[in-house]
Amino acid sequence: MQEQEQESRITSYTALAAGPDFRHDIEIKRSRFITVLRRADTEDAARDLVAGLRREFHDARHHCSAFVIGPDRDIQRSNDDGEPSGTAGIPMLEAILKRETVPGVTDLSDVSAVVVRYFGGILLGAGGLVRAYSESVSAALDRAPLVRRRRLRICSASVPHSAAGRLENDLRAAGFVMAETTYGARETTLRLAIPDNPAELSAATERLLSFTAGTVELTPGGTEWLDVPLP
């Protein structure tokens, strides 16, 4: 119960964008380091990436991994996969945890990272491995698409079909985030995603009333985590 209350206080964080895996390849002293990043919001999804890359790169010596999951980043795991202890998984994990998404803010989560290493014949030493694995993940994150995850209150407004298009355009122009629209026999139900606090809900209600001459009310629903573009 205490953990759920803690999560409920977190309303936004940065995540890897959903979509195809992101890959970045670098060579360090003839060793090849292939970093693969995947959006993952469960441990199973994160571990699936490792399993898939073991099959794809079955001839590689190491498939080191790290992942961070959840709004409060409470799930954190890493694996050296045969590299000397502490030289691969932990540096990869720290590259995610210490990533500044804006100056002074480290809130990146829902990221699974795997670095596949093909040994090039030159020993890097413990310090060299730490730098190589850290730099591999950091370089991939430099280029990977990120989004803002926000916990938003989903509210609905039902209007006649003939009025739905104009009202939706007005709401979008006013800066509202629109969720999925549903269509009934007589009405269209617009769904607005509003920051989960009383002041924002009150302001949205007033704006909707002004757009509809007081004829349409806003009905609050549950909350959902939605992706929004980074500012």
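Any read-out appearing in this document is the output of simple, stated calculations on the displayed coordinates, not a laboratory observation. Everything numeric in this text was worked out from a predicted model, so none of it was measured. Neighbour counts are summed over all protein chains in view; Cβ atoms, including those assigned to glycine, are modelled from backbone coordinates with ideal geometry.
What list do you get for VAL116, VAL137, VAL216 if you sort them by fewest beta carbons within 10 Å?
Least to most surrounded, the residues fall as VAL216, VAL116, VAL137.
Starting from the Kirkwood Rh over alpha-carbon pairs, what translational D in µm² s⁻¹ does the stretch 148-228 have by Stokes-Einstein at 37 °C and 0.692 mPa s? Calculated translational D: 259 µm²/s.
Listing ILE194, ILE26 from fewest to most neighbouring C-beta atoms within 10 Å gives ILE26, ILE194.
The relative contact order of the chain, computed from alpha carbon pairs under 8 Å that lie at least 6 residues apart in sequence, is 22 percent. Annotation note: trypsin sites (Lys or Arg not before Pro) in the stretch 23-98 located in DSSP loop regions with a Cβ neighbour count of at most 16 within 10 Å are LYS29, ARG30, ARG61, LYS98. Just to be sure I follow: if Rg is taken over the C-alpha atoms of the stretch 127-172 and Rh is the Kirkwood radius over the same atoms, what is Rg/Rh? Rounded to two decimals, Rg/Rh equals 1.47.
Are there any trypsin sites (Lys or Arg not before Pro) in the stretch 113-186 that are in a DSSP loop and have at most 13 other Cβ atoms within 10 Å? List them by number. Of the trypsin sites (Lys or Arg not before Pro), the ones in loops of the stretch 113-186 whose Cβ has at most 13 other Cβ atoms within 10 Å are ARG186.
Take every pair of alpha-carbon atoms less than 8 Å apart whose residues are at least six positions apart; their mean separation over the length of the stretch 1-109 yields a relative contact order of 22 percent. For the stretch 157-231 and the stretch 31-65, what is the separation of their Cα centres, given in Å? Value for the Cα centre distance between the two parts: 41 Å. For ASP72 and MET178, compute 0.36 nm times the residue count separating them, minus their Cα-Cα distance, and round to one decimal in nm. Gain on stretching ASP72 to MET178: 35.6 nm. Free of any GluC sites (Glu not before Pro) that DSSP assigns to a loop and that have at most 12 other C-beta atoms within 10 Å, the longest stretch within the chain is 1-99. Within the shell defined by Cβ-Cβ distances under 10 Å, the residues around THR87 carry a net charge of -1, with Lys and Arg each +1 and Asp and Glu each -1. For SER158 and ARG9, the difference between the fully extended length at 0.36 nm per residue and the C-alpha to C-alpha distance is 50.6 nm. Overall shape of the stretch 14-97 was characterised from the C-alpha gyration tensor. The equivalent ellipsoid obtained from it has semi-axes of 21, 15, 13 Å, in decreasing order. For the chain, the residue among THR215, GLY175, LEU230 whose Cα projects farthest onto the positive side of the dipole built from Cβ charges is LEU230. DSSP beta bridges fully contained in the stretch 13-144 are about 95 percent antiparallel. Net charge of the neighbourhood of ASP227, taken over other residues with C-beta under 14 Å away and scored Lys/Arg +1, Asp/Glu -1, is +1.
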